[in-house]
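A short reminder: the numbers here are calculations on the coordinates, not readings from a lab. Because the structure is a prediction, the values reported are computed rather than measured. We place every Cβ from the backbone using ideal geometry, glycine too, and count neighbours over all the protein chains shown.
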Amino acid sequence: TIRWDFRRSVAALNPSLVLGIAQSVQSCKESADKMKLPLILVIDDEPLVAQTVQMLVKTAGFDVLVATSVDAAIEAWDTHHGKIKLVITDWSLGQRTNGEQLVERFRAKCPNLKSILCSAYPLQHLFTKRTEGIDYFQKPMSSAELIAAVRRALQGTAEVNEAEFANADHSCGPN
């Protein structure tokens, strides 16, 4: 398994590659709109990490909102909670609250909300009942692991037509 350090990888991107990724992301957004895929909310207080996760998830064909603070996450949830089916959040979001507490707050309005928690801390150091590799990942994690977890979490949601999803081209790159 290859591990990916988000900050180093994004900092090393050249402008033409960034343009290609942006075009792929736009193509993915158009594909997701056609397929009516569930909306994913990414929450991380480090903007570069949040944008990188957004890029990965969009490239896999999903529509994504990003919040880089607890307040922005609550605002995004209040605006789009009827559409958000999955939250990918960092554990540590400042002293006011953590990602697990934020997800529980959202679940008060939407009990079936799916979530994936990420942290630089090992799972055993956190007070949570999460499962490593399923709904919890220690950073850095591989992009393949994260996308597989997103797909697993969203299986069976009403908005995803399984046959259409399985047959779709999720690479979103040039053919």
Item to check | Inter-label distance for Asn112 and His81, nm, one decimal - labels placed 7 Å from Cα along Cα-to-Cβ | outcome: 1.7
Item to check | Gain upon complete extension [Leu48, Gln101; 0.36 nm per residue less C-alpha separation] | outcome: 16.8 nm
Item to check | Extended-chain gain in nm, criterion 0.36 nm per residue less alpha-carbon gap, Gln155 and Asp71 | outcome: 27.3 nm
Checklist outcome for this item: Output ordering of 147-153, 50-56 (per-residue mean of other Cβ within 10 Å, highest first) is 50-56, 147-153
